[in-house]
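Notes for the one structure printed next.
The values are calculated or read from the model by the stated rules, or taken from the named source; none is laboratory data. Everything numeric in this text was worked out from a predicted model, so none of it was measured. Virtual Cβ from ideal backbone geometry, glycine too; neighbours counted across all protein chains shown. We work out accessible area using only protein heavy atoms, side chains counted, and drop any ligands, DNA or RNA first. Shrake-Rupley method; radii C 1.70, N 1.55, O 1.52, S 1.80 Å.
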Amino acid sequence: MSIHAPILAIAVPLLGGFAVPLLARIHKKIRDLWVLVVVLVVAACAGYVAAHVLKEGIWIYVLGARNPQETLAPGGFPIRIMLTADAMSAFMGIIAGLIVLVAFPFALKYIPEEEGKTLSLTLGVLLLAGIMGMSYTGDLFNFFVFLEVTSIAACGIIGFRTWTGRAPEAAFKTILLFGLSGLFFLLAVAFLYGEYGALNLAYLAAQIKGSMVDRLALALFLAGLLIKVAAAPVHFWAPDAYGEAPAAKTPLLVVNTQVSLYGLWRILFTVYGGALNAGVGWLVVSLGLLTMVVASFMALAQTDLGRLVAYGAVSQIGYMMLGVGVGLVTLSGRPDYGLVAMKGGIFHMLNDALTIGLLFLCVGAVEWAKGTRDLRELGGLGHGLPGVALCFLLAALALAGIPPLNGFASKILIYEGSFRLSPILGAVAVLASIFLLAVFVRAFQGAFLGPKAEVEVKLPWGFFLSLGVLAVGILVLGLVPGFFVEELVTPAAKALWHGRALYLAAVLGG
């Protein structure tokens, strides 16, 4: 079955998600076991795909044929659906696999049966299917389909707790923006299909020369995906969405945002890499700076711990955009610092998933223990929840880029590359991190320090298992970042930076 790992990573959660409510009717424990099996299978498939790609090179999986060459009509036109996994795709799959391994076990204990546990698990598994599909597909229309799958599932997760009042409002706001995002993306696909009569990413990349239609489609792609990644000034859906969704599912929503960012990189580097000018790179850099600054300042005004962490999550999208944006600006000349910045931006995707994931799970543990996330009603929880307090502090320091934690390892690469392009870029990024550190120190003081607070509810052991795994990941990636940068991050960055020709050759031949 290993030869079918790419499609299994998509099909298993897609079909498994629809089985969840059926199994729940038989027995709740069977449902929970089934969800864990699905998650384990997806993580194993993602790991196998990554290992194969890093060892053997780009993996082309063709639905209905044995190899890519059987899918090519005369003239090199692909006529079948393909999954195309290079090092960047594999890296995105690894992030998703790691997060679901900790988020779903936490969710099984966190979400009560009477609050729609079956519905939440079903939506979470379907969201995972969409994320894996976006990571591996080599076809623009299928990317759109999976984009919509993630949008629908994510909005369901955000808004299904209708009794909270604010959750439906957050879901409504999110689905409006996601709908607009999908419409822009579909219009871009339609323009390219009308121009070239194809949907395969590699074939389109070989045809695009920078015509007016190509530029119009690029503008639509940018508009659609920048909405989905929560880049300022259209970031305002994300704090509501992250803040109102169940804390156990928010890490998966963060990965959903990141896979949209992956889609943006795939469009810009692989599809348009041969006809891209530096202006697009400067647009990405500028929006990255705006995102990190606006989100950091907005975090200062929050009194809800979940929304404060949500703004912290949005700010980190800005760092990813800054790092990879520097690579886009310098794509034509390809100086070494451009690749350094890209490594930092891509590495920060993994670090952010672990760090923000841990922060949201800590928020969930606090809400479980005290029944509220309002900082004005919290305080002194460090006495009764020392493990949660330690994990929150660790993740907050990592988020701000304090050494020797994982956030520092990726941010220092972003600082170095962006500073060499323009010292102003590096200075703004550093100042935003310092400001965010002050915000999270204030939040830690408000929630965990002060006179001892009574904690009457004992946290389930599964909570500490998930928290511990993420905390260890933060420490390991911070203490020995070189191994991960060389083995995972550098191949992923080079797949975008240098790998366009290899991607096209693997799909189209030659």
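Below is a table of values for the structure above.
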quantity: Candidates Phe448, Phe440 - the one that is over 27 Å from the mean Cα position of the chain (by Cα) and more than 15 Å from Gly344 (Cβ to Cβ); calculated: Phe448
quantity: Pair list, Cβ under 8 Å, 6 or more apart: the range 334-359 residue at positive phi, other residue part of a helix (DSSP H, G or I) and charged (D, E, K, R); calculated: none
quantity: Residue ID - most open to solvent (accessible area, probe 1.4 Å), chosen from residues in the range 367-383 that are part of a helix (DSSP H, G or I) and within 14 Å of Gln445 (Cα to Cα); calculated: His383
quantity: Gly210, sole failed condition from (1) modelled with pLDDT under 90; (2) not in a loop (DSSP other than H, G, I, E, B); calculated: (2)
quantity: Matching entry among Ala471, Ala453, Ala501, Ala493 (being over 16 Å from Gly312 (Cβ atoms) and not in a helix (DSSP H, G or I)); calculated: Ala453
quantity: Where a residue in the range 32-56 is at negative phi and in contact (Cβ under 8 Å) with a residue 12 or more places away in the chain and its partner, wherever it lies, is open to solvent by 60 Å² or more (accessible area, probe 1.4 Å) and part of a helix (DSSP H, G or I), with Cβ under 8 Å and at least six apart; calculated: Val39/Leu101; Leu40/Leu101; Ala43/Leu98; Ala43/Leu101; Leu54/Glu487
quantity: Whichever residue in the range 104-127 is among the hydrophobic types (A, V, I, L, M, F, W, C) and in contact with a Phe, Trp or Tyr (Cβ under 9 Å, 6 or more places away or on another chain) and, among such residues, is surrounded by the fewest Cβ atoms within 10 Å (Cβ to Cβ); calculated: Leu119
quantity: Check on Leu449, open to solvent by 50 Å² or more (accessible area, probe 1.4 Å) and in contact (Cβ under 8 Å) with a residue 24 or more places away in the chain; calculated: yes
quantity: Residue check, Thr137 crowded, with 22+ Cβ neighbours inside 10 Å, modelled with pLDDT of 90 or more and touching a strand residue (DSSP E or B) at 6+ places or on another chain (Cβ under 7 Å); calculated: yes
quantity: Lone unmet requirement of (1) within 17 Å of Gln258 (Cα to Cα); (2) modelled with pLDDT of 95 or more for Leu218; calculated: (1)
quantity: Residue match in the range 425-438 (condition: open to solvent by 30 Å² or more (accessible area, probe 1.4 Å) and among the aromatic types (Phe, Trp, Tyr)); calculated: yes
quantity: Exclusive hit being open to solvent by less than 40 Å² (accessible area, probe 1.4 Å) and either under 30 Å from Leu108 (Cβ atoms) or free of Cβ contacts under 8 Å to residues at least 40 places away in the same chain (or both), set Gly468, Gly417, Gly509, Gly499; calculated: Gly468
quantity: Tally of residues being open to solvent by 10 Å² or more (accessible area, probe 1.4 Å), closer than 14 Å to Tyr311 by Cβ and in a helix (DSSP H, G or I) across the range 213-241; calculated: 1
quantity: Boolean, Gly306 is open to solvent by 20 Å² or more (accessible area, probe 1.4 Å) and at pLDDT below 95; calculated: no
quantity: Residue in the range 371-389 that is out of contact with any helix residue (DSSP H, G or I) (no Cβ under 9 Å at 6 or more places or on another chain) and on the phi > 0 side of the Ramachandran plot present; calculated: yes
quantity: Contacts under 6 angstrom Cβ, first residue in the range 124-147 being under 30 Å from Ile111 (Cα atoms) and outside any helix (DSSP H, G or I), partner at pLDDT 95 or above and among the acidic types (Asp, Glu), 6 or more apart; calculated: none
quantity: Which numbered condition Ala248 misses (of (1) closer than 23 Å to Phe297 by Cβ; (2) among the hydrophobic types (A, V, I, L, M, F, W, C); (3) in contact with a Lys or Arg (Cβ under 9 Å, 6 or more places away or on another chain); (4) buried (at least 23 other Cβ atoms within 10 Å of the Cβ)); calculated: (1)
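Here is a yes/no grid of residues against (1) at pLDDT 95 or above; (2) open to solvent by less than 30 Å² (accessible area, probe 1.4 Å); (3) more than 22 Å from Val428 (Cα to Cα); (4) polar (S, T, N, Q):
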| position | (1), (2), (3), (4) |
| --- | --- |
| Tyr262 | yes, yes, yes, no |
| Trp265 | yes, yes, yes, no |
| Gly273 | no, yes, yes, no |
| Asn277 | no, no, yes, yes |
| Val280 | no, yes, no, no |
| Val285 | yes, yes, no, no |
| Leu290 | yes, no, no, no |
| Phe297 | no, no, no, no |
